[in-house]
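Rule-based calculations on the coordinates, nothing more; no lab input. What you see is a predicted model; the values in this text were computed from it and never measured. Here the Cβ positions follow ideal geometry from the backbone for every residue, glycine too, while neighbour counts run over all protein chains shown.
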């Protein structure tokens, strides 16, 4: 579909895009560029690029689609370094987990004759870096696009097909809706995971060793979530801070009520909450977002 | 090893014990008893018992080891119904997730010539009921025994071998230590999972539908934890309430600090927390409590 695609930033996401595009032949040539030397060495060694370039100009001047998959804190400097060299009528997209911030950065630059179509592939693992990538990372996962309404449908369609070629399902919505939904489905769960791990770690040394040993009872699953890429999550928390703080406040209120129910040994209230949680999970399974197989007791 | 083992209460745990004992031939005969008619019907249909009995007397009068695996809220009535019929010098054990409560109930009864050796197999899935059982449920998982120091070592050894025959690792500790550790590794994570699901559910109907659809970004894993057996968890929260409330208070304090770091956009503090979480997870992997394989992005 595209003659040339350029990937700027080749970590877990960027390298997975490369792997997927090569598997499905959706792009004739994929060019990669990464500022980090150790990343570039892995890309070279593991053959994760058709052409590794060393200047931003080389990276984008002939690309039909440029994908920026850097952490959000280096997104602005990445766009700055390439903006002069973008090919007229080419598509610029990204992979950042908060859309408001990236969108503001690009709009400020007032790029002429470029189609800015922000993407967020809602996929990942707790591993980071190019070695962790997989061609199947986006398979059956959602990618959310948040283009301005004035962007031509035909260009948005190209970006949809780009992600669909990697097995992703695509949904178009506003940046505002995206950031609200993700604050609850992803950002708040990560806040909570970090804090549950922090609470467990905060105990005396003897208890801490026991906690590590018996972590399989629930804690383990939180440490998995809390092991995700630190830089990426620091950026997300700062960039979507208003909505996340709003989520934390709602969560704290809910937790206070729950604590009261435990203090008062209010079985009826506790059971009501649990039954509703079960129903919610059933809705998630029905929506195809998880399987019905038990996983909590996994080996 | 045992001539006769009796299982009182045949849900996920009880039926898994039966399945495991039959697989490894550790007991010559396994007798089952369950008050719930629909459970008994499944046990019969799926051949999950050598002998289904209908009276507590029949269930235990010839048993060398009696295992009570009912929810904690029916534990007292279960012990009451069998206590007169226990065979002299037989072993009584259980599977409850909080040891303080079960221990107090049995000690109050002042059973003579019976070895009370409480067990907690730290294993399970979010599924419940006899159909969810598996002979491998306890494999590579810990079982914690909390017998009084005056119980003969030879009897404790028998219970250790009982769980080890099912593939479990066994650790002996005090009921107090057990309840403290589990309040952090298991009970607090469940409290938090219920509340994160409750927070996500609390939004308006449109957002709720979107939240279900995009739950794969983190929320999904919490709904899995929050789908566990409601009665069991209600009992745990009430029975271990003091330690759980203590854990909630510590967690809330940690969450407030974290919120402040987000509000102040304090990158350094956030990164410090994340790096420590990663180290803690690495310790858990090293302790053999989880694998290093990425699972967060699972299909």
Practice task
Give me the Debye-computed log₁₀ of I(q)/I(0) at q = 0.13, 0.17 Å⁻¹ for region A:2-173, equal point scatterers on Cα only, no solvent, two decimals.
Solution key: -0.55, -1.00
Completion exercise
Extend 7 Å from the Cα of residue A:108 along its Cα-to-C-beta direction; within region A:217-246, residues with backbone N under 20 Å of that point are A:232-243
Practice task
Give the angle, between 0 and 90 degrees and rounded to the nearest 10, that separates the Cα long axis of helix A:99-109 from the longest principal axis of the Cα atoms of chain A.
Solution key: 30 degrees
Fill in the blank from the handout: Scoring region B:177-286 by relative contact order with C-alpha pairs under 8 Å, at least six apart, yields a percentage of 32 percent
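Would you calculate a helix-derived [θ] at 222 nm for the protein assembly as shown, using -39,500 (n - 2.57) for each DSSP H run of n ≥ 4 and dividing by the full residue count, to the nearest 500?
That comes out to -15500 deg cm²/dmol.
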Exercise for the section: Run the quick spin-label model on residue A:173 and residue A:256: label points 7 Å from Cα toward the beta carbon, then report their separation in nm to one decimal. Expected result: 2.9 nm
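With contacts defined as alpha carbon pairs under 8 Å and 6 or more residues apart, what's the relative contact order of region A:81-208 in percent?
On the way: 142 pairs, mean separation 28.3, N = 128.
Here the relative contact order equals 22 percent.
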Fill in the blank from the handout: As a percent rounded to 5, the proportion of antiparallel DSSP bridges among beta bridges in chain B is 10 percent
Problem - Compactness index (Cα Rg / 2.2 N^0.38 Å), chain B - result: 1.11
Problem - 0 to 90° range, to nearest 10: angle between helix B:153-164 axis and chain B longest Cα axis - result: 60 degrees
Problem - Teacher prompt: residue B:37 distances to equivalent labels in other copies, 7 Å Cα→Cβ, nm - result: 7.7
Problem - DSSP bridge pairs, region A:59-154: antiparallel proportion in percent, nearest 5 - result: 35 percent
Completion exercise
Reduced to Cα centres, the span from region A:40-75 to region A:215-272 in Å works out to 37 Å
Fill in the blank from the handout: Taking Cα atoms, the helix B:241-263 axis meets the longest principal axis of chain B at an angle in degrees (rounded to 10) of 20 degrees
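Would you mind giving the mean number of other chain beta-carbons within 10 Å of the Cβ of each residue in B:114-127, as a whole number?
Mean inter-chain Cβ contacts per residue within 10 Å come to 3.
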Handout entry: For residues of B:136-146, the mean tally of beta carbons on other chains within 10 Å
Key = 2
Practice task
Compute the relative contact order of region B:2-173 as a whole-number percentage, counting only Cα pairs closer than 8 Å that sit 6 or more residues apart in sequence.
Solution key: 25 percent
Fill in the blank from the handout: Expected integer from the mean partner chain Cβ neighbour count at 10 Å over A:236-248 is 4
